[in-house]
Structures are given as C-alpha cells and as structure tokens.
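The values are calculated or read from the model by the stated rules, or taken from the named source; none is laboratory data. For clarity, every value in this text was computed on a predicted model and none was experimentally measured. Because the Cβ atoms are built from the backbone with ideal geometry, glycine has one as well, and the counts that use them run over all protein chains shown.
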Amino acid sequence: MVNKNIVLLIVCITVGFVGCEKKETNVITFSVGGAPNEIVVWEKLISEFEVQTGIKVNILRQPTDTDQRRQGLVIALKAKKSNPDVFLMDVAWLGQFAASDWLEPLDTYVKEKDIELDSFFTKVINLADKYKGNLIALPVYIDAGLLYYRKDLLNKHGIKNPPRTWKELLNYSIKIQKSERENAPNFYGFVWQGAQYEGLICNFIEFAGSNGGGILIKDGKVLINSPENRESLEFMKDLITKYQISPPNTFTEMKEEEVRMFFQQGNALFERNWPYAWKLHQSEDSPVKNKIGISSLPHFNSGKSVSTLGGWHIGISKYSDAKLQAMEFIGFVTSARIQKKLTLELGWNPARKDIYLDKDILQKLPYFRELRDVFENAYPRPNLPFYTQISEVIQKYINSVLAGTVEISKGLKETDIKLQKVVETYDK
Amino acid sequence: MINNKLKKTYTINELKGAFLFLLPLILFLLLFILIPIVGTFITSGFRDVSFLEKKFIFFDNYKTLFSDSVFWHDFGFTVVFVIVSVSLEMLLGISFALLLNQYLPFRGLLRAVVLIPWAIPVAISARIWELIYNYHYGLANYLIMQLGISKEPINWLGTNIGAFFALVLSDAWKTTPFVTIILLTGLQAIPKEIHNQAKVDRAHFFQRFYKITLPLLKPVIVVALLFRTIDGLRIFDLIYVLTHGGPGGSTSSISLYGYKYFLSGDFGYGSAISVSLFIVAFALSLLYIKIGRFGKEIL
C-alpha cells in the first residue's frame, strides 16, 4: 500500500529541489567572498542597508580564493540564473563578463541616482569599468603594486631614501643582505610574486612597464617579444639566479601571502606587494612594526614607475529580476560614507579620490596621501574578453624562464606565437 | 541471451523486485553520470565561448586539440604520472597488505592507522605536503640539512623532475592505504588451507606468493588498478594545491588544463578536453574488465 504521507514527502522533496526560484522582488542576492573579517563587515553594512531601504539582502557567501569565486559566478551566469543579482568581480575578469553580455549597463541608473563618476579615479572608470562605451561596473576598492622597505635597515646603512631605480634597489640589497646574513642566514634583499599565477603577470607588467615594455595587444596584433621586455625578464631572472637577492623559491612558492609573511618575519629588505599588507605588517605582533615604509615601485633608468591596477568591482547580473534594488545597493556600497567606513574598518583603498585627503582617514592611515598618486597612475591589465587565455600563456612562459627551463629569447618568441594563436581564436 | 538466462534462473516477480531495488541506482546513474556525459559530448561540438556567438562546428574543437602542443604535453604528463604513481602505490599496497595479513601485535589498531591518510581530504593533505616541501621552513629541507645530506636547502618544487616526484610521493602517501585495504580483503579471502598444504609440500615464501597468493589475488588487484588508474587520470586537486601546474606548466594535468578553459568561458574546448579524458578512461576500464574477466563467474 502506498502511503499518502510518502507521496506527500516525495512531492515536498521534488518541489524543494526545483522550487528555489524566488518570487518576491524586494529581495536581492549578493554574492561575496573574502576573509571572515570582511564578511563580518559586509553583514553589518547590509543590515544598515536593509533598515535604510527596506530591501532585503541575502548573502551568497563565496570562498576567499579568486578563481573559486569566479567559478561560482561563471556557473550561475552561464545558466542564466536570476541569483545572484549583484556581485563583486576582480578587475581581471571584467572584460570577459562584459563581453559575455552578463552585466547590466549601469549608465541610466547612475544618472538617475546622481552618482558623480568624476569623484572616482578617472583612469579606473575609463579603463576597467567601461566596456564598449557602457558603464558595466563600479569600483568597490582598488589595488596597486607598492614597494615596502625596511626603514631601520636603510638608516643603519646610511641610506636616506627608498630606491628610485631597480639598480639602486639591487645595490642596496646586495650590500645590506651581505651584512644582515651574518646574523640571519635566511635574509634576502627583495621578495616579490613569481609563482605561476595571476600575480606573476602583475609583477611582470611592473618590471616591463617601468622599462617602457609590457603586454600590447591591439587590432589583432601582439607585441610582447620586444627588447624592453627581454631586458626586464632577464633582470627578473637575475634577481634570483645571478644576484641571488630574491630567494630560490620565488618562482615556485612566492604568492602575495608567502611574500607578505616572509617580509613580516623580518627576512627581507624590500617587498613588492598590494596595499593590504600594510595593516598586517603594522599589527601588534608583527616583528617589523614601525620599521617599514612604502613608496612607488622602482623603475629602469630610462623608464618611469608602473603599478599594476588590481581591485574588485561591483556589478549587476543581466538575468537579475531585481535590478532597481540591486542598483540601490550598488549606490549604497560605492557612496562616500560607506567607502570611508570600509577603508577605516578593513583598510581597503577606495576608488573615490576625495577619501585620500579625508582628515579621519589620514589620521589613522597616514600613508594614504602617497597612495593617491600611485593609484592615479596605476596601469591596468589588457581589458580583453580573452584576457584569461592570454594570462595563462604568459604565466607559463615567464615562470619557465624564471625556473630556467626555457631560455629567455626562446620563451618570448614562443609566448608571441602562442598569443597570436589565442588572438586568432578569440578575437572575432 | 542474458535476458533468457535471467528468466530461466529467476521468476518474473523476483526480476520485478530486483528491478525495483535497482531503480534508484539506475536513476542516479542516468541523472548524474549519463546525462552530463552526453551533454559534454554535445557541447564539445560547438564553439561555445561565453563572449562569442554560439556556433556548431562539428569536430573543429578536436582538430584544434590534436595540434595543441600544450594539450599533448599535459596528456603525456598525466599518463606518465599515472604509470609511475599507480605502480608505486600497487607495490607499497601489496607490501603493506601482506604485512597486515600476518599475526602482528595491535593488528587491528595498525589496520585503522594505515587508513588515516586516505581519510584526509586531498586538498588538505596537499597543503600538508606543501608545508613539507617548503623551501624555507619545510620538514624535507630541515631533515636533509640535519642529516648532513645537503648543506643548502633544496627547492623541491622548482625543477620539473622535483615537482613531478613531489606529486607522486604525495599521491602515493594518500592513496596507498586504499590499495592496501582492498588487497587485504582479497588476501583474507584466500583459504588458509591452501597455504598450509603448500607449506607441507615445502614451498618457500616466494613460491607460495607467486603460485598461490598472486593468482588468487588477481581479480582484487585488477579492481584496485582500475580504481587507481581512473582516479589518477583525472588528477586535479593535488596539483591545483601543490604546484598549480608549475614550474612553467610542466606538471599540468588534462583536468587542470580543461578546468582553465571552463573558467575563462570557453566551454566548447573545455568539453572537448574532458571528452578526450573520458575516452581514455573508458577504454582503459574496458581493458581492465577484460583482463579481470569480471562477470564470467556470476552468470
């Protein structure tokens, strides 16, 4: 005998599986990942937003890892799901998401809501948040590569200013590394991100860009196999193998956090990292607390300093069924008041220029004055839909060169050929 | 043929009952295995790139695949990795199984302890190995320097060979317990009388191993090989955490390569890579089933 209750149960389970599509529209789903302390801040902001507007926000919590956050969004958007409505995106995927027509253009909303685009860094808005003339996202926070240095050690050796050129960085490193090694055999001059991942591209752009080189892809043409890039790449490799001021595991293990911890333990004179490292270096239990300074990255003799632009942007899904409410949320998150709050609580770098001159901010985070200039000149990665494929190829070859498994000119030549193929396949 | 045979052996009602009991499994296989596989096959026939117009292109993705040197490198790496790591795991697994089949003190405890690596999720065990291989504060470098094997620390993951064997070792540590347990059950199914009789005939240990244990263990060995080979072919998590395909892409597997295409929005090409992996795994499974002669004894 089939029991009525069993039938009911089966119906419930089936509905439970299928019936997750929401019906109300005064509810939006916000997809966000990050460290636990960041999520806590988001939750606080959201409850404030809910009280203020009466719009309910569900958090769809994502991992910290960038690739996994992206994977979660790609699956939902590819399946044309109405959830999440609004989400954060790394600057490196904006091109792909926009070209896939997954993002709702924000131009009309921004006009209606009176959001002043001029108060943001112009370069960031124009180079990262615009796609084919449409505004497709707004910056929540931005990042750029910085040089961290040990003030105490430079002073000890009679050096007043941080290095302006790579050559100075090299000379200081060799000298100080030699004397520090007497007590600390594990001491290195300069740590940076050389592992095979996206961070390597950011570092490469900074080395090459400060020599007048870089990754240039325009009108179906690739320019990477240039003398400037060859020289920069050689310098990167020499830092590890010839001068040995960067540790041998630079190309295997060194990502942001490994580099940050290495420097924080007092084992390095210079560090290339994102601004987030400052707050951690200055925390109570940090061995380098109050011994450090930041400046813009050095450059080659003929070039000028370049910082790669990073950071996260907020946008609305084309498939959202609550776009107006989602826009309300974006307006809230990018407002000057909330941006200041995020800066004070998390040390994030806002994309709003005026905050860098705010009194409260400067009192708590005095280094912000210098950051403004760095961000003003930050250099974006190629904003192309197929940027990921390009990045994969370059990562692989630069990493091979650093590892010594591929010779420099051969590596650049092959990168060029492979990139040309990527462009032919995807640039349509 | 089979149907007639089944009808002869069982009544209609018995068959109906059997089918009903199998139904959940069949549904599960349809829903979660067959449909996704067919779906992947279909997608692999399209230019399915999120930012380009979707277009049916027959076998163009496979044509590109055939001339893709990175794919062939990753394919080669995966095959070599499977051969080396599975051989090592089988060798270690058999040794451990034989050992644990003896009368040892605390045998129950030992059998449980052996399983621990298998119980740890791959992502976590990969992190543990990452710490062991770490250049600055890893256990491996500490040991070689304390034992005086080398004066300088070694960058284990820094060379193609080093990264390869680092992966093999981590994989063997993690999955040897699985092989051990499967083989141990096989060993226990071998009647003691046969061994005792052979002892009476004065067959020494190796003779008994080659003439009795190994042939009787063969079906179980094939099962273990089958599981390990398929598992090894789709290696992803260990590499993702430990080397991320580095240095310079030398330890990138087929799965990792395909994953990168899914991430960047090229679902068509990613699917073609997945299908190629499926074909290899499927062919190998058929081969193993033939070698193991499964199904012959049952009917």
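Taken over region B:154-181, residues that are out of contact with any Phe, Trp or Tyr (no Cβ under 6 Å at 6 or more places or on another chain), crowded, with 20+ Cβ neighbours inside 10 Å and without any contact (Cβ under 8 Å) to a residue 60 or more places away in the chain amount to 0.
Conditions tested, residue by residue: (1) closer than 16 Å to B:TYR261 by Cα; (2) at pLDDT below 95.
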position: A:GLU50; (1), (2): no, no
position: A:VAL57; (1), (2): no, no
position: A:ARG61; (1), (2): no, yes
position: A:ASP67; (1), (2): yes, yes
position: A:LYS81; (1), (2): no, yes
position: A:PHE87; (1), (2): no, no
position: A:LEU106; (1), (2): no, no
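Being of a type in the set (A, V, I, L, M), more than 25 Å from A:ASP143 (Cβ to Cβ) and within 14 Å of chain B (Cβ to nearest Cβ) is a property that A:ILE417 has.
Taking the conditions exactly as written (modelled with pLDDT under 95 and either within 17 Å of A:GLU414 (Cβ to Cβ) or within 14 Å of another protein chain (Cβ to nearest Cβ) (or both)), does A:THR252 satisfy them or not? The answer is yes for A:THR252.
Within region B:142-149, one or more residues are over 22 Å from the mean Cα position of the chain (by Cα) and within 14 Å of chain A (Cβ to nearest Cβ). Of all the residues in region B:1-57, those that are hydroxyl-bearing (Ser, Thr, Tyr), closer than 28 Å to B:LEU263 by Cβ and either modelled with pLDDT under 95 or part of a helix (DSSP H, G or I) (or both) number 3.
In region A:205-213, is there at least one residue being surrounded by 20 or more Cβ atoms within 10 Å (Cβ to Cβ), without any contact (Cβ under 8 Å) to a residue 24 or more places away in the chain and farther than 25 Å from A:TYR141 by Cα? Within region A:205-213 (the criterion being surrounded by 20 or more Cβ atoms within 10 Å (Cβ to Cβ), without any contact (Cβ under 8 Å) to a residue 24 or more places away in the chain and farther than 25 Å from A:TYR141 by Cα), the answer is yes, since at least one residue qualifies.
The number of residues in region A:350-371 that are farther than 18 Å from A:HIS313 by Cα and not in a loop (DSSP other than H, G, I, E, B) comes to 13. All of B:ALA97, B:ALA126 fail the test of being away from every other protein chain (no Cβ under 14 Å) and among the hydrophobic types (A, V, I, L, M, F, W, C), apart from B:ALA97.
For region B:167-251, the helices (runs of 4 or more DSSP H) that sit wholly inside it and include 1 or more residues that are within 14 Å of chain A (Cβ to nearest Cβ) are B:237-242. Within region B:58-71, the only residue that satisfies the criterion of being in a loop (DSSP other than H, G, I, E, B) and either surrounded by 15 or more Cβ atoms within 10 Å (Cβ to Cβ) or in contact (Cβ under 8 Å) with a residue 24 or more places away in the chain (or both) is B:ASP68. Looking only at residues of region A:218-235 that are basic (Lys, Arg) and outside any helix (DSSP H, G or I), we find that the one that is modelled with the lowest pLDDT is A:LYS218. Filter region B:259-278 for residues that are facing chain A (nearest Cβ under 7 Å) and without any contact (Cβ under 8 Å) to a residue 12 or more places away in the chain; which is surrounded by the fewest Cβ atoms within 10 Å (Cβ to Cβ)? Among those residues, the one meeting the criterion is B:LEU263. Restricting to region B:50-76, and then to whatever is aromatic (Phe, Trp, Tyr) and touching a helix residue (DSSP H, G or I) at 6+ places or on another chain (Cβ under 8 Å), can you tell me which residue is farthest from A:ILE75 (Cα to Cα)? Filtering first and then ranking leaves B:PHE75.
Within region A:297-307, none of the residues are in a helix (DSSP H, G or I) and surrounded by fewer than 22 Cβ atoms within 10 Å (Cβ to Cβ). Is there any pair linking a residue in region B:205-228 that is closer than 17 Å to B:HIS195 by Cα to one that is assigned to a helix (DSSP H, G or I) and not hydrophobic (A, V, I, L, M, F, W, C), with Cβ under 7 Å and at least six apart or on different chains, and which? Final answer for the pair search is B:ARG208/B:HIS195; B:ILE212/B:HIS195; B:LEU217/B:GLY186.
Give the residue, chosen from A:LEU371, A:LEU412, A:LEU402, that is assigned by TED's automatic domain parsing to the domain that holds A:TYR131, more than 21 Å from B:ASP266 (Cα to Cα) and buried (at least 17 other Cβ atoms within 10 Å of the Cβ). Being assigned by TED's automatic domain parsing to the domain that holds A:TYR131, more than 21 Å from B:ASP266 (Cα to Cα) and buried (at least 17 other Cβ atoms within 10 Å of the Cβ) holds for just one of A:LEU371, A:LEU412, A:LEU402, which is A:LEU371. Hey, could you check region B:1-41 for residues that are surrounded by 11 or more Cβ atoms within 10 Å (Cβ to Cβ) and in contact (Cβ under 8 Å) with a residue 12 or more places away in the chain and say which is nearest to the chain's Cα centre (by Cα)? Here the residue is B:ILE37. Screening A:ASP238, A:ASP285 for residues that are without any contact (Cβ under 8 Å) to a residue 12 or more places away in the chain, in a helix (DSSP H, G or I) and more than 14 Å from every other protein chain (Cβ to nearest Cβ) leaves exactly one candidate, A:ASP238. Among the conditions (1) in contact with an Asp or Glu (Cβ under 8 Å, 6 or more places away or on another chain); (2) outside any loop (DSSP other than H, G, I, E, B); (3) at the interface with chain B (Cβ under 10 Å from one of its Cβ atoms), the only one that A:VAL406 does not satisfy is (2).
Within region B:109-150, the set of residues being assigned to a loop (DSSP other than H, G, I, E, B) and either within 30 Å of B:ILE182 (Cα to Cα) or of a type in the set (Lys, Arg) (or both) comprises B:LEU115, B:ILE120, B:PRO121. With the condition kept exactly as written, say whether any residue in region A:91-109 is surrounded by fewer than 19 Cβ atoms within 10 Å (Cβ to Cβ), hydrophobic (A, V, I, L, M, F, W, C) and either on the phi > 0 side of the Ramachandran plot or not in a strand (DSSP E or B) (or both). Within region A:91-109, none of the residues are surrounded by fewer than 19 Cβ atoms within 10 Å (Cβ to Cβ), hydrophobic (A, V, I, L, M, F, W, C) and either on the phi > 0 side of the Ramachandran plot or not in a strand (DSSP E or B) (or both). All conditions in (1) closer than 30 Å to B:ILE124 by Cα; (2) surrounded by fewer than 16 Cβ atoms within 10 Å (Cβ to Cβ); (3) polar (S, T, N, Q) hold for B:ASN196, with the sole exception of (1).
If you filter region A:257-282 down to residues that are away from every other protein chain (no Cβ under 14 Å) and assigned to a helix (DSSP H, G or I), you find that the one that is surrounded by the most Cβ atoms within 10 Å (Cβ to Cβ) is A:ALA277.
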